[in-house]
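These notes are about the structure you will find just below.
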Amino acid sequence: MTAEADARKAQGRYEGAIPLLKRALALYENVLGTNHPTVAKALSSLAVLYREQGDYAQAEQLHRRALAMREKALGPDHPVVAASLNDLSVLYRTRGDYAQAESLAERALALREKALGPDHPDVAQSLATLAVLCGDKGDYARSESLHLRALAIREDALGEGHPDVALSLNDLAALYRAKRDYAQAELLSERALAIQERAFPPDHPAVALALNNVAVLYGKRGDYARAEPMHQRALAIQRKVLSPDHPHVAQTFHFLASLYLDKGDYARAEALSERALAIRQKALGPSHPDVAQSLSNLAALYIAQSRIDEAVKTAGLATDIQDRNAAAVLATGSEDQKRSYMSTLVDQTHLDIALHIQHAPATLDAARLALTVLFRRKGRVLDAMTGNFASLRLSRDPGDGALIARLTSVYSQLAAEVSRGPQNAPPAQYRERLAALEQQREALEAEVGERSAAFRAEQRPVILPDVQAAIPEGAALVEIAQYRPYHLRPDTRSGHWGAPRYVAYVLGPGGDPAFTDLGEAAPLEAAVDALRRALADHDLTHDPRPAARDLDRLLMEPVRELLGDTRWVFLSLDGPLHLVPFGALVDEEGQYLVERYLFSYLTTGRDLLRFEDRMAASREPPLILANPAFDESSAPSAPDATHRGVRSIDMVTQRLLPLQGTTAEARTIAAFFPESRVLLGARATEEAVKAVQGPLLLHLATHGFFLPEQPLPAALLTTPGHRPTLAELAALRQRENPLLRSGIALAGFNRRRSGSDDGVLTALETAGIDLHGTRLVVLSTCESGLGEATSGEGVYGLRRALTMAGSETQVMSLWQVDSGRTRELMQAYYQRLAGGAGRSQAMRDVQLAMRANPSTAHPNLWASFIVSGDWRRMETQVRSPEAVKVAMGPRGCACEQTGGEPHARGAWLAALLGLLVAARRRRSLRA
């Protein structure tokens, strides 16, 4: 009976195989007992058949029973146990439960590699299972490396014509299709189809799968005449051998519906889309990712038919399903894994926005959907990481604290390796060290996510009315996002998606949202670059106003029409717009916007809800560090010029000069906080910063750096006779974390002594510091606000790291700053805080005063610093000292070691007088 059942299974005749296996199972149980390994094997085979038929509940029950029997009879580490784990992983992945599926796949792979060796075909099966999961979650680099390894094992062990090789080829093709590498995907799919057609009967389900994969790719390049009959042939096979409500049948309906949609045959597309949706809802449940896919396809169809109300409703349902699933996925995993998963949702985000902007600009529900998806998804990974850290920081379980300590230690070791470079170690050895540390980081971040998930109550999705209720009276939120237009008819290069554009939504404390399309991203981002270069130019004879006006014309002039009389603006930005000080833009009347508006910078409008929650209490007094002793001993030996740190070249060779003038700055700031600790010289160490536990204030006056991305040096990647594999190259590129390319210099920087505390505090290390309860972080350094600006996730640099660490508000600079002016600006800023001004308003008041003073009127001097995060006044009163004396002195920056010139006291008195003028001009701005 089992032989006949296996024969029918091999032919794809699953319904005929199930009764035979059930009879064999009953016979085995009567003869051998209910706990015999042969019974477990029959249970597992039967479970696979039920899974192939779409009966997932029955399949899970049988797989679980087989697993329990095998673990009891053979022990938990037996390779047969790994087979059950792999089967369960495939089942959970099919049902959309990625977390359980990945855990089981990882365990199965580890067992098989240990028991069978790295090159066994069963190992290849587990590699393929895990690779498909990684692809589902958007981790394409890891997915590709796992697929390639599985393919190599199968080709070597089984031969290039084996059906399992075709499985790997199909999986790789699906991955390349997801990456929009259609040419490579088509080559692999055609090869897989040829193998399957030789290996199986013409009506086998595996042939249907291969036919669909090739047909989809023909459709992508517009060859509908070849694609349609292949889909139809696949459907005929599936209808013959599978139940009519099997998910594979629904998938073929979905493919055909997409093809008819692209051809403009909307009636057939709608009928098939609805059938696919009905099957998936029944077989997979209402919240499965495939259900969201069908709903999204229907929404696109309704857009094409101008059925706007149905399109908005259906797109909203798809978005809701994705957001519910995202909450589960983001609760675990490393930051890289979270980012990868969120990247899989980008198309739906763009569709929601494009539906409103292009196809339904006058439909209020469409505007609400677009704005809601931005509230839910912008900065989502940052929120998840911040929540993970916060949950464990506030936990009373000693194990949670130990886990955070281990993770921060790995952050430090990784930063130290990159900052020092390979030194005298061979490149291969350096690669291995980096790889080991990166693997530890990934594993520990994933463990943090898993442990923290138990402490976080499930939160309901963010909705627009909640955000609107959090906007203060007299203010408005401007939510700017990049999106790609959706074209009804695809082209062979970019499919349905057009060139990136920007949109701005404006939402007040009451009323409906308004919007303006800001146009294509390319010219706007070019204007951003031009303005940033003009503002950072230290030649004050150069006038940045033309560049500031050009960007304002593209960016804020359209928004002003929507703001009306509002003068208090919350800015949630996207991409390189994060690097623009909006106060330095110039309006049509030649006026800097700082004179018209109070700007408060947010990562996302969702931040307004976070600031409404009760914040953690500060646990330590303010900490102020300045004038670090960069040279603690004799100069270091000359660095190895051949083997430098990956991309972070400057951190290996750079030497910094003392910052004597910052000592006066530290003492000036300390006068505002009587309980503060001041660490200078040799005491201004990396260790001291890492040891803090929620100080009220953290003020760092030192050198800052941001190193732009550079090409990977070939000398680091290769050794003689070694050609890097695709997996190695992918791993090395992943390892170039942008949080390792920004940071600050502290005591011992010029020595780069061994160990993790080397005088370089990178943004990655900063993320592991405990700043929960810290009301304000001020980085009185160069370029501390810079980083790698990404669409949807903000700036990967110190700004992001300080938020992850738990701080409420960050004050940072966007270009190299003049030392003397910075010291004066900081003194005035704290003076305004002491007077009760909010954290954003205090900076605006200082900038207005400097703008009013001819000696500081150039925006290079007053516009560099921005305030991000909580804008409100600090709960703890900042003391206003009776007299603060400021000793002038030089300060350099990480890129220039020339200090600022001293300034006349009279000039600063004029600036203070300007503060009084600014206070009168504030109208009704609230802080």
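Some observations on this one:
- Test: residue in the range 535-555 that is touching a strand residue (DSSP E or B) at 6+ places or on another chain (Cβ under 6 Å) and surrounded by 19 or more Cβ atoms within 10 Å (Cβ to Cβ): yes
- Unique match (being modelled with pLDDT of 95 or more and more than 23 Å from LEU217 (Cβ to Cβ)) among ALA328, ALA300, ALA267: ALA267
- Within the range 93-119, considering residues that are touching an Asp or Glu at 6+ places or on another chain (Cβ under 8 Å) and not basic (Lys, Arg), the one surrounded by the fewest Cβ atoms within 10 Å (Cβ to Cβ): ASP119
- Selection of the range 811-834 for residues being touching a Leu at 6+ places or on another chain (Cβ under 9 Å) and of a type in the set (Gly, Ala, Ser) yields SER813, SER819, ALA828.
- Looking only at the range 848-868, and only at residues there that are within 15 Å of TYR829 (Cβ to Cβ) and small (Gly, Ala, Ser), the one that is farthest from the chain's Cα centre (by Cα): ALA849
- Single residue of the range 17-37 satisfying the filter (more than 22 Å from VAL81 (Cα to Cα) and surrounded by 15 or more Cβ atoms within 10 Å (Cβ to Cβ)) that is modelled with the lowest pLDDT: ALA17
- Qualifying position, being assigned by TED's automatic domain parsing to the domain that holds THR566, surrounded by 15 or more Cβ atoms within 10 Å (Cβ to Cβ) and under 25 Å from the mean Cα position of the chain (by Cα), among ARG501, ARG451: ARG501
- Pairs linking a residue in the range 202-216 that is within 9 Å of HIS231 (Cα to Cα) to a residue that is among the aromatic types (Phe, Trp, Tyr), with Cβ atoms under 8 Å and 6 or more positions apart or on different chains, are ASN212/PHE255; ALA215/PHE255; VAL216/PHE255.
- Selection status of THR344, surrounded by fewer than 23 Cβ atoms within 10 Å (Cβ to Cβ) and of a type in the set (S, T, N, Q): yes
- In summary, ARG380 fulfils each of the numbered conditions (1) buried (at least 19 other Cβ atoms within 10 Å of the Cβ); (2) more than 23 Å from ASN325 (Cβ to Cβ); (3) at pLDDT below 95 with the single exception of condition (2).
- Within the range 239-261, the set of residues being at pLDDT 95 or above and not aliphatic (A, V, I, L, M) comprises GLN251, THR252, PHE253, HIS254, PHE255, SER258, TYR260.
- Residue count, the range 329-358 (criterion: in a helix (DSSP H, G or I), under 22 Å from LEU407 (Cα atoms) and of a type in the set (A, V, I, L, M, F, W, C)): 2
- Annotation for the range 157-165: no member residue is buried (at least 18 other Cβ atoms within 10 Å of the Cβ), touching a Ser or Thr at 6+ places or on another chain (Cβ under 8 Å) and in contact (Cβ under 8 Å) with a residue 40 or more places away in the chain.
- Residues satisfying the stated conditions in the range 519-533, i.e. in a helix (DSSP H, G or I) and either farther than 24 Å from ASP818 by Cα or in contact with a His (Cβ under 7 Å, 6 or more places away or on another chain) (or both): ALA521, ALA522, PRO523, LEU524, GLU525, ALA526, ALA527
- Test: residue in the range 466-476 that is in a strand (DSSP E or B) and either modelled with pLDDT of 95 or more or surrounded by fewer than 20 Cβ atoms within 10 Å (Cβ to Cβ) (or both): yes
- Flag if PHE515 is among the hydrophobic types (A, V, I, L, M, F, W, C), closer than 23 Å to SER791 by Cα, in contact with a His (Cβ under 8 Å, 6 or more places away or on another chain) and crowded, with 16+ Cβ neighbours inside 10 Å: yes
- Any chance ARG406 is among the charged types (D, E, K, R), modelled with pLDDT of 80 or more and surrounded by fewer than 18 Cβ atoms within 10 Å (Cβ to Cβ): yes
- Residue within the range 83-104 that is touching a residue at least 60 places away in the same chain (Cβ under 8 Å) and in contact with a His (Cβ under 6 Å, 6 or more places away or on another chain) present: yes
- Within the range 754-785, the set of residues being farther than 25 Å from LEU394 by Cα and either modelled with pLDDT of 75 or more or touching a Gly at 6+ places or on another chain (Cβ under 6 Å) (or both) comprises GLY759, VAL760, LEU779, SER780, THR781, CYS782, GLU783, SER784.
- Flag for LEU371 being closer than 25 Å to SER791 by Cβ and either of a type in the set (Ser, Thr, Tyr) or outside the structural domain of ARG799 (by TED's automatic domain parsing) (or both): yes
- Considering residues of the range 367-418 that are more than 20 Å from the chain's Cα centre (by Cα), touching a residue at least 12 places away in the same chain (Cβ under 8 Å) and not in a helix (DSSP H, G or I) only, the residue nearest to LEU740 (Cα to Cα): LEU394
- Test: residue in the range 214-231 that is assigned to a helix (DSSP H, G or I), modelled with pLDDT of 95 or more and more than 26 Å from ASP181 (Cβ to Cβ): no
- Scope the range 253-294; condition outside any helix (DSSP H, G or I) and in contact (Cβ under 8 Å) with a residue 12 or more places away in the chain; matching residues: GLY264, GLY285, PRO286, SER287, HIS288
- Answer residue from the range 784-836, given it is in contact with a strand residue (DSSP E or B) (Cβ under 6 Å, 6 or more places away or on another chain) and of a type in the set (A, V, I, L, M) and is surrounded by the fewest Cβ atoms within 10 Å (Cβ to Cβ) among those: ALA789
- Flag for ALA250 being within 21 Å of ALA206 (Cα to Cα), in a helix (DSSP H, G or I) and not basic (Lys, Arg): yes
- Of the residues making up the range 664-699, those that are among the acidic types (Asp, Glu) and either free of Cβ contacts under 8 Å to residues at least 24 places away in the same chain or outside the structural domain of SER819 (by TED's automatic domain parsing) (or both) number 0.
The values are calculated or read from the model by the stated rules, or taken from the named source; none is laboratory data. Please read these numbers as outputs of a predicted model, since none were measured by experiment. Don't worry about glycine lacking a Cβ; one is built from the backbone with ideal geometry, like all the others, and counts go over all protein chains shown.
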